[in-house]
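> Take this structure, written in structure tokens, and hold onto it; I'll ask about it next.
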Amino acid sequence: MKRLTKKQMVIFAIGQLGWSLLSGIISAWLVTFYLPTDTDIKAGAIQFITPGLVIGGILTILGLITAVSRIFDAITDPLIASLSDRSKNKRGRRIPFMQYAAIPLAIVTVLLFCPPENSTSAKNVAWLSVFIILFYIFMTMYCTPYNALISEFGKTQEDRMFISTAISLTFFVGTMLAYTPFVFAGMLQHSPEDFNKSYRICFIVLAVIAVVAMLLPTFLLKEKDFVDTVPSKSNMFKSLAATFKNRDFRVFAGSDIMYWIGLTLFQTGLPFFVKVSMGLDAGMVMVFMGGMTVLSAALYPFVNGFVRKFGKKKLTICGFLGLAVAYLITAMINVITFIPGIVYGVIICIVAAFPMALLGIIPQSIVADVAEADGIETGENREGMFFAARTFAMKWGQAIALLIFTSLSIVGNAEKVGNEIVPSKLGLMIVAFVAVAFCVLGAVILALYNEKKVMKTIEKKPQQELKEEPAD
């Protein structure tokens, strides 16, 4: 089979820019849009759903909706993975799913922010409940097959690391684009009535960009030219059981959930850390995210060299601990108050950049390694199921993070009336400390991963004849 050129690997990575942009919109804006602060309400934001800790005094409606949507994920993740692994489509096992999912995913993302009533209403709760479930279904339909191609397109360790590096960069670019409404929505606001409309316009533009990015690799890359894999014959339950029977994958999945919780707490909390903790203008959210992304991308070339020297496991653990340090600094904003907020922002960006580079590149490659080693040992190609489990870990991490953030960020604002949710400095500090704990726990869990065993298994595989070398 042919081997992807580096240009083709970049085209493949653009697909991740699309879905990470849509995922970033949910991470950055779902809480901000549906649980606006007093300042946003005065500027024209609408309270679409009842906020506050109204579920047993410990959960918000938004947090509960997000958690319940994961019940459906528990079904759709392995189902889509199994259907993809077993597909006999003449165009391949992965790309057809990606094409079918791209446009609906973008449309649903926009509709999530278009509730039917311009006031607090049960209809809005129902609307949000339905479309958040649809969002995660279509996200799974795109991401699970897409991620499975990392292992199938990456025929060598060099190719796999290059792909992982490229998709990590496009992931951060997509996430950064999701924060652009902090800058551009304000330019469209001429009256309070324009507040929600301005954000919806931004979301529509971003969704169009995301669709183009997601569809690009599906039309420019012919899966069958690069992958000649026999479809899996196992049904969903047998395949899922076989996947989690792999000890090293269970270890990785546990640590990965910790990573996504920590990352989502940061992404969701960033606007509030900037506006509440640092006391800065909302536009600085984009500045800090952009600065961290650029700095992280500048460090990417060093990651591959470090991997060859130190291995993936050690560097991933270092990434967890480095991210924990960044969150610890964030927690200190309201403890050591003589340091200006903007200085804290710069320090956090610098400290977090390299850990974000490590954690953005290496984990995808680890999953591909485990999937390949498992295929060698079992003789069955279930890459889709392995990456479905990683997608599942990502979405569970995001759900848990939203529950934590919406519940803890308002600690210290108990005097507020029940129809308001206002993140407090104390609450945000607690959120940051919780993020530190999850990152440290992720490092501890990953220490149990047997990297040497996995790599020795891969080395036993005979080298395939490759018709085409990647371009320089």
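> Please list 3J(HN,Hα) in residue order for segment 276-283, calculated via the Karplus relation 6.51 cos²θ - 1.76 cosθ + 1.60 where θ = phi - 60°; whole Hz, with x for glycine and proline.
Result, rounded to whole Hz: 8, 6, 8, x, 10, 5, 4, x.
> Place a point 7 Å from Cα of TYR100 in the direction of its Cβ. Which residues in segment 111-147 have their backbone N less than 11 Å from it?
Counting backbone N atoms under 11 Å from the label point, the list is 141-142.
> Same structure, new question: Quick check: from the Cα gyration tensor, does segment 291-349 come out rounded (a/c under 1.5), prolate or oblate?
In terms of gyration-tensor shape, oblate.
> Looking at the P(r) of segment 130-229, how many percent of alpha-carbon pairs lie beyond 18 Å?
Of the Cα pairs, 62 percent sit more than 18 Å apart.
> While we're looking at this one, here's another question. Quick check: residue separation of GLU377 and ALA298 times 0.36 nm, minus the Cα distance between them. What number comes out in nm?
Length difference between fully extended and current span is 24.7 nm.
> Next question. How large, in percent, is the carbon and sulfur part of the accessible surface of the chain at a probe radius of 1.4 Å?
The C+S portion of the solvent-accessible surface of the chain is 68 percent.
> If I model a spin label at PHE433 and ASN118 as a point 7 Å from the Cα along the Cα→Cβ vector, what separation in nanometres do I get?
About 4.3 nm separates the two model spin labels.
> Here's something else I'd like to know. Can you give me the C-alpha center-to-center distance between segment 246-268 and segment 80-94, rounded to a whole angstrom?
Between the Cα centre of segment 246-268 and that of segment 80-94, the gap is 26 Å.
> Still on this structure, please answer the following. Give the calculated FRET efficiency between ARG91 and THR337 to the nearest 0.05, with a Förster radius of 45 Å applied to their Cβ-Cβ distance.
Computed FRET efficiency for ARG91 and THR337 comes out at 0.15.
> When ligands, DNA and RNA are left out and all protein chains stay put, how many square angstrom of accessible area per residue does the chain have with a 1.4 Å probe?
39 Å²
> If you fit an axis through the alpha-carbon atoms of helix 383-408 and take the longest principal axis of the Cα set of the chain, what angle between them do you get, 0 to 90°, nearest 10?
For 383-408 against the chain, the angle is about 10 degrees.
> For helix 312-331, report the angle its Cα long axis makes with the longest principal axis of the Cα atoms of the chain; keep it between 0 and 90° and round to the nearest 10°.
For helix 312-331, the angle is close to 0 degrees.
> In nm, to one decimal, how far is the modelled label at LYS314 from the one at VAL208, with both set 7 Å along Cα→Cβ?
5.0 nm
> Something else: Please give the length that would be gained between PHE219 and ILE107 if that part of the chain were fully extended, namely 0.36 nm times their separation in residues minus their C-alpha to C-alpha distance (nm, one decimal).
Gain on stretching PHE219 to ILE107: 38.3 nm.
> Measure nothing but the geometry: give the 0 to 90° angle between the long axis through the Cα atoms of 284-310 and the longest principal axis through the Cα atoms of the chain, rounded to 10°.
Between helix and principal axis, roughly 30 degrees.
The values are calculated or read from the model by the stated rules, or taken from the named source; none is laboratory data. Computed from a prediction, not measured in an experiment: that's the story for all the values here. Cβ: placed from backbone, ideal geometry, glycine included. Neighbour counts: every protein chain shown. In case anyone asks, the SASA skips ligands and DNA or RNA and just uses the protein heavy atoms, side chains included. Shrake-Rupley method; radii C 1.70, N 1.55, O 1.52, S 1.80 Å.
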